[in-house]
Amino acid sequence: MKLILVGTSHPYRGGIAAFTDRLAKEFTSEGVDIEVVTFKLQYPSFLFPGKTQYSDAKAPAGIPIERKVNSINPLNWIKVGKEIRKKNPDIVIFTYWMSFFAPCFGKIARVIKKNRHTKCIGLIHNMIPHEKSLLDKLFPQYFVKAMDGFVALSKAVLDDVATLDKQNKPKVFAPHPLYDHFGEILERDVAIHKLNLDPNYRYMLFFGLVRAYKGLDLLIDAFADDRLRKYPVKLIVAGEFYDDPKPYLEQIEKAGLYNFVIIENQYINDDDVKYYFNTADIVVQPYKSATQSGVTQVAYHFEKPMLVTDVGGLGEIIPNGKVGYVVEPNPVAIADALVDFYDNNRYDSLVDGVKEEKKKYQWSNMTDAILKLL
């Protein structure tokens, strides 16, 4: 079988690029002939809110990656489509996460399918982005019409695909597998020492790029609850701010939390991720909207309890009370759960639940879903 993955990959940074590379690695381990076609231009610089689009990490070993796609050049889309069509692959998987890429991926797929052999599958991280724009009304259906089937990473995303797919094409739900490429589980003291933190405190972790929909403001309000001051606990916010950090910093100051919140306003390199997760007692995702989240799968890998809000697909893979908490997206509900976690020493029992639940999220389940869809 010949399979080609089209989408973001090394040298681009971020969770979806890491997903593509890890999926390619899994297919390779199963003996599938696979290659990755990624961008030579992913976003025009003026559309990218962060400091850089690129990763400092080494290219993943054993995976052929070619940088070919220009996201804003229709002539390039035709050229890339013809090049892939000539290779006559059995499957081309498009890793899709935002409407901006719908015209590009949709055109490439249409050109490929002129060979009347290749099946094009949409691997959907988000069908409709968290932060909506006019593009979401204009472009996604063009991409959906070009696909032969879909794999969605949450049931919420599967529902979004179904609303756009008027032809009722084959669709499967395959939950986001573990992000298991960030290193091993470490002793807490080792991780704390690496981050130069005080071992006499406990730590909760908000991890990832900071954007409005991720609800950091809700978490700050929750963390200001007087009941939490009786514990030696601090909040780590580790991730680059794509929003203006000033309102968050003012909120922290106004709540009197300056000495209890640690801000790491930078993209966390892959080699450092393990230190933050191994330091934390609990990983908190107070999102206001969501589909699914790669942060959850990093937490599963490092066997950490989680608190998520009951939005989108987050609650689908966090059994409430077994591996953590699923709460309403408001400060009171978040604070109540955190107080329960520390008041009742839930850490050990929830870790046991995480260890059991994580067995469901192997990468082989994802490759099986894709091949069964074919």
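Points worth noting:
- Neighbours by Cβ (under 6 Å, 6+ apart or cross-chain): first from region 179-203, farther than 12 Å from F277 by Cβ; second surrounded by 14 or more Cβ atoms within 10 Å (Cβ to Cβ) and among the basic types (K, R): H181/R22; Y201/K234
- Some residue of region 19-34 being in contact with a Pro (Cβ under 6 Å, 6 or more places away or on another chain), under 18 Å from C120 (Cα atoms) and crowded, with 16+ Cβ neighbours inside 10 Å: no
- Test result for Y213, within 30 Å of P11 (Cβ to Cβ) and touching an Asp or Glu at 6+ places or on another chain (Cβ under 7 Å): yes
- Each residue in region 129-174 was checked for being of a type in the set (D, E, K, R), without any contact (Cβ under 8 Å) to a residue 12 or more places away in the chain, farther than 13 Å from T291 by Cβ and in contact with a strand residue (DSSP E or B) (Cβ under 9 Å, 6 or more places away or on another chain), and 0 pass.
- Residues within region 140-183 that are under 19 Å from I121 (Cβ atoms) and not in a helix (DSSP H, G or I), tallied: 21
Yes/no per residue for (1) buried (at least 18 other Cβ atoms within 10 Å of the Cβ); (2) under 19 Å from A369 (Cβ atoms); (3) over 24 Å from the mean Cα position of the chain (by Cα):
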site	(1), (2), (3)
A17	yes, no, no
V37	yes, no, no
R67	no, no, no
I84	yes, no, yes
T95	yes, yes, no
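- Here H176 passes the criteria (1) over 17 Å from G14 (Cβ atoms); (2) crowded, with 21+ Cβ neighbours inside 10 Å except the one numbered (1).
- Filter result (touching a Pro at 6+ places or on another chain (Cβ under 9 Å) and of a type in the set (A, V, I, L, M, F, W, C)) within region 242-279: I263
- Filter result for F150 (touching a Leu at 6+ places or on another chain (Cβ under 8 Å), more than 30 Å from I370 (Cα to Cα) and crowded, with 16+ Cβ neighbours inside 10 Å): no
- Filter pass, E26 being in the same structural domain as I124 (by TED's automatic domain parsing) and touching a helix residue (DSSP H, G or I) at 6+ places or on another chain (Cβ under 7 Å): yes
- Among the candidates Y267, Y276, Y258, residue that is over 15 Å from the mean Cα position of the chain (by Cα), under 24 Å from Y12 (Cβ atoms) and not charged (D, E, K, R): Y276
The values are calculated or read from the model by the stated rules, or taken from the named source; none is laboratory data. Quantities reported herein were computed from a predicted structural model and do not represent experimental measurements. Note: ideal-geometry Cβ built from the backbone for every residue, glycine included; neighbour counts use all protein chains shown.
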